[in-house]
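Asker: The following block contains the structure, expressed as structure tokens.
Throughout, read-outs are computed from the coordinates displayed, never taken from laboratory work. Keep in mind that this is a model prediction, so the values were computed, not measured. Because the Cβ atoms are built from the backbone with ideal geometry, glycine has one as well, and the counts that use them run over all protein chains shown.
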Amino acid sequence: MARYRGPKSRIARKFGSPIYGPDKVLEKKNYLPGQHGANRRRGKKSEYAVQLLEKQKAKYTYGVLEKQFSNLFKKATRSKGVTGEVLLQLLEARLDNVVYRLGLSPTRDGARQLVSHKHIVVNGINLNIPSYHVKDGDIISVREKSKSLIVISDSLSGFNHSKYSWMEWDQESMSGKFLNIPTREDIPENIKEQLIVELYSK
């Protein structure tokens, strides 16, 4: 499946935000990427450009392709509630994102790989679909044969599971429970979802 595999620091500098996590390059070079990035004047962007950038930021943050993102937005518009908030909730409920939130991987890319390589079990069933929509009460655990993986143990080491109130973690069984869909206030991502809604409404 097609994924962005280029330099992540470049994307973080483009948006001026550490969307892939803490980035030393972003701290040293807090300006646009490219040969003239440091000297490029940041003129006033058009309304469309601001909205498009926000959509791209959301796509890169959650690692979702254009078609997938468009389908999720359509699903959000058909659902009850505020469209922008529902969109983020749908993104948060993706299996790869839930694995990332549970601390099984330090990045969403790594979480997606764990799912794709069948290291993750949902309700006792081995799943390898990163886009699987996790529901309230689902139990997400590490496959028995994969519990000794160093990449998982290193990621879990020192991870604070209490920072996400909509999930709970059982270290002994290496499993987590998805308690409920998070509210917008609980989702920590710095995304202005209303701009995305306005973009698709054009």
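Asker: Compute the signed sum of charges (Lys and Arg +1, Asp and Glu -1) over the other residues within less than 15 Å, Cβ to Cβ, of Lys163.
Answerer: Around Lys163, the surrounding residues sum to -4.
Asker: Further question: With +1 on each Lys and Arg Cβ and -1 on each Asp and Glu Cβ, and nothing else charged, work out how big the dipole of the stretch 95-178 is about its Cα centre, in Debye to the nearest 20. Numbers along the way, then the final one.
Answerer: Working: 10 positive and 9 negative charges, 37 e Å.
Using Cβ point charges on Lys, Arg, Asp and Glu, the stretch 95-178 gives about 180 debye.
Asker: List the pairs from Lys163/Lys192; Lys74/Lys145; Lys59/Lys147; Lys67/Lys135; Lys45/Lys135; Lys67/Lys163 whose alpha-carbon separation is above 27 Å, in the order I gave them.
Answerer: Numbers: Lys163/Lys192 21 Å; Lys74/Lys145 38 Å; Lys59/Lys147 30 Å; Lys67/Lys135 22 Å; Lys45/Lys135 39 Å; Lys67/Lys163 31 Å.
Violating the 27 Å limit, Cα to Cα: Lys74/Lys145; Lys59/Lys147; Lys45/Lys135; Lys67/Lys163.
Asker: Go from 0 up to the bin containing the longest alpha carbon distance in the stretch 131-202, width 5 Å each, and give me the % of pairs per bin.
Answerer: Final binned percentages: 3, 12, 18, 19, 19, 12, 7, 5, 4, 1, 0.
Asker: Please state the relative contact order of the stretch 62-202 as a whole percent: Cα pairs under 8 Å, 6+ residues apart?
Answerer: Worked out over the stretch 62-202, it gives 23 percent.
Asker: What is the order of Glu66, Glu189, Glu92, fewest Cβ neighbours within 10 Å to most?
Answerer: The order, fewest Cβ neighbours first, is Glu66, Glu189, Glu92.
Asker: Listing Lys57, Lys74 from the residue with the fewest other Cβ atoms within 10 Å to the one with the most, what is the order?
Answerer: Lys74, Lys57
Asker: So if I place +1 on the C-beta of Lys and Arg and -1 on the C-beta of Asp and Glu, and nothing else carries charge, what would the dipole magnitude of the stretch 52-98 be about its Cα centre? I want it in debye, nearest 20. Walk me through the numbers before you get to the answer.
Answerer: On the way: 9 positive and 5 negative charges, 44 e Å.
For the stretch 52-98, the charge dipole is close to 220 debye.
Asker: While we're on this one: Which value results when the Cα radius of gyration for the stretch 95-178 is divided by 2.2 N^0.38 Å?
Answerer: With N residues counted in the stretch 95-178, Rg over 2.2 N^0.38 Å equals 0.94.
Asker: If you don't mind, there's one more thing I want to ask. If packing is taken as the average count of other Cβ atoms within 10 Å, what order do 157-170, 114-127 fall into, highest mean first?
Answerer: So the peptides 157-170, 114-127, ranked by packing, come out 114-127, 157-170.
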